[in-house]
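This report refers to the structure that appears directly beneath it.
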Amino acid sequence: MKTLREWALRVQFPDQGWRAMGLEAGIDAAAAYDDAAGCADVILADFERLVNTVDVKLLGDAVLTRHDLRAPVPWWSVADGLARWSLEDNRARWATTPCPDCGSKTVLVMPPRRVGMSARYACKSCAFDKTDRDDGGFWAEAFAEEIPEAKPLPHDPRRLTLTQAAKLVGRTTGTVRGWVKSGDLTGEMGRYWEADVQAVAAQRRGEGVAA
């Protein structure tokens with residue numbers, strides 16, 4: 001998050017000094033996701049400009065570079081985070097399917113610890129112990145469980161990305177970014193309140209009519 005925040009600030013306020021911090025202590029998953037998504041929106045909104053500058057190589061390093069995390073590193077990339085903490089849930093769980101030998105619902109499903117290893121199904125009430133490769137993959141199917149459909153994280157629709165703000169008031173993202181740079185519009189990590197965006201747009205329209 002520190003890496004993402006630094007890049008969002010670098011893109012949004014290129015002429016100002018900035019020092020990003022990591023996630024705040026105690027922040028919940030939904031707020032962390034919203035923070036990360038806001039940073040990504042800022043970066044992607046200006047990506048066409050970035051790909052034509054030297055910044056694109058630095059951004060590539062921030063996202064794609066893999067470090068040897070056994071030694072101290074100056075910063076973590078997005079790829080480092082994904083390598084360290086997989087997006088998949090690899091924790092062991094109790095199977096809802098009963099043990100085929102003793103009939104007890106005490107089969108522990110243990111996902112593979114790393115790529116290439118087998119998943120294991122071991123009953124804690126008897127000697128049943130199989131892997132997902134035994135019997136032609138039969139046990140992998142027998143203990144498979146339907147993954148519930150992911151529900152979208154809660155998000156306040158009044159908090160807009162740069163692109164959404166521009167679309168709301170019929171302006172370009174460059175125009176809205178100009179409001180931010182001039183201090184007329186303030187936001188928090190790439191999100192702007194809908195009412196603030198509309199107020200600035202109305203003020204600018206009024207100034208145009210007066211002129």
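The values are calculated or read from the model by the stated rules, or taken from the named source; none is laboratory data. Computed from a prediction, not measured in an experiment: that's the story for all the values here. As a convention, Cβ positions derive from the backbone with ideal geometry for all residues, glycine included, and neighbour counts pool all protein chains shown. Heads up: the accessible areas ignore ligands, DNA and RNA and are worked out on the full protein's heavy atoms, side chains in. Shrake-Rupley method; radii C 1.70, N 1.55, O 1.52, S 1.80 Å.
For W193, the residues whose modelled amide H falls within less than 5 Å of its own, excluding neighbours fewer than 5 places apart on the same chain, are L160. 3J(HN,Hα) couplings calculated from phi for region 122-129 with the Karplus curve 6.51 cos²θ - 1.76 cosθ + 1.60 (θ = phi - 60°) are, in sequence order, 10, 7, 8, 10, 8, 8, 4, 7 Hz; Gly and Pro show x. Need the list of aspartates and glutamates near K105 for cross-linking: C-alpha distance under 16 angstrom, and skip anything on the same chain fewer than eight residues off. Here the aspartates and glutamates satisfying the reach criterion relative to K105 are D129, E145. Of all the options A32, A165, A95, the one that moves most in a Gaussian network model of the chain with Cα springs shorter than 10 angstrom is A95.
Counting only alpha carbon atoms, the long axis of helix 2-12 and the longest principal axis of the chain meet at about 30°. For region 23-75, the set of trypsin sites (Lys or Arg not before Pro) satisfying both a DSSP loop assignment and a count of at most 12 other C-beta atoms within 10 Å is given as R66, R70.
Counting charges near T161 (Lys, Arg +1; Asp, Glu -1) among other residues having Cβ under 15 Å from its Cβ returns a value of -2. Straight-line reach from K2: taking Cα to Cα under 25 Å and skipping same-chain neighbours fewer than 8 places apart, the lysines in range are K57, K181. Considering only V73, W18, A37, and ranking their Cα positions along the charge dipole of region 15-112 that arises from unit charges at the beta-carbon of Lys, Arg, Asp and Glu, the one farthest toward the positive end is V73.
Within the listed set T163, T65, T131, the residue fluctuating most in the Gaussian network model of the chain (springs between alpha-carbon atoms under 10 angstrom) is T131. Per residue, the accessible area of the chain comes to 67 Å² when a 1.4 Å probe rolls over the protein heavy atoms. Among G190, G170, G38, the residue with the largest mean-square fluctuation in a Gaussian network model of the chain, with springs joining Cα atoms closer than 10 Å, is G170. Each Lys and Arg adds +1 at its Cβ and each Asp and Glu adds -1 at its Cβ; summed about the Cα centre, the chain shows a dipole of about 380 debye. Among the cysteines of the chain, those whose beta-carbon sits 4.7 Å or more from every other cysteine beta-carbon are C39. Computed from Cα positions, the angle between helix 55-64 and the longest principal axis of the chain comes to roughly 20 degrees.
Considering only GluC sites (Glu not before Pro) in DSSP loops that have at most 10 other Cβ atoms within 10 Å, the longest stretch of the chain without any of them is 25-87. Between 0 and 90 degrees, the angle of helix 173-182 with respect to the longest Cα principal axis of the chain falls at about 70 degrees. Dividing the helix sum by the residues of the chain, where each DSSP H run of 4 or more adds -39500 (n - 2.57), gives a mean residue ellipticity at 222 nm of -12500 deg cm²/dmol. Using every pair of separate Cα atoms, the Kirkwood estimate puts the hydrodynamic radius of the chain at 21.3 angstrom. Converting phi to 3J(HN,Hα) with the Karplus coefficients 6.51, -1.76 and 1.60 and the offset θ = phi - 60°, region 95-107 yields 6, 7, 6, x, 5, x, 8, 10, x, 7, 8, 10, 8 Hz in sequence order, with x at every glycine or proline.
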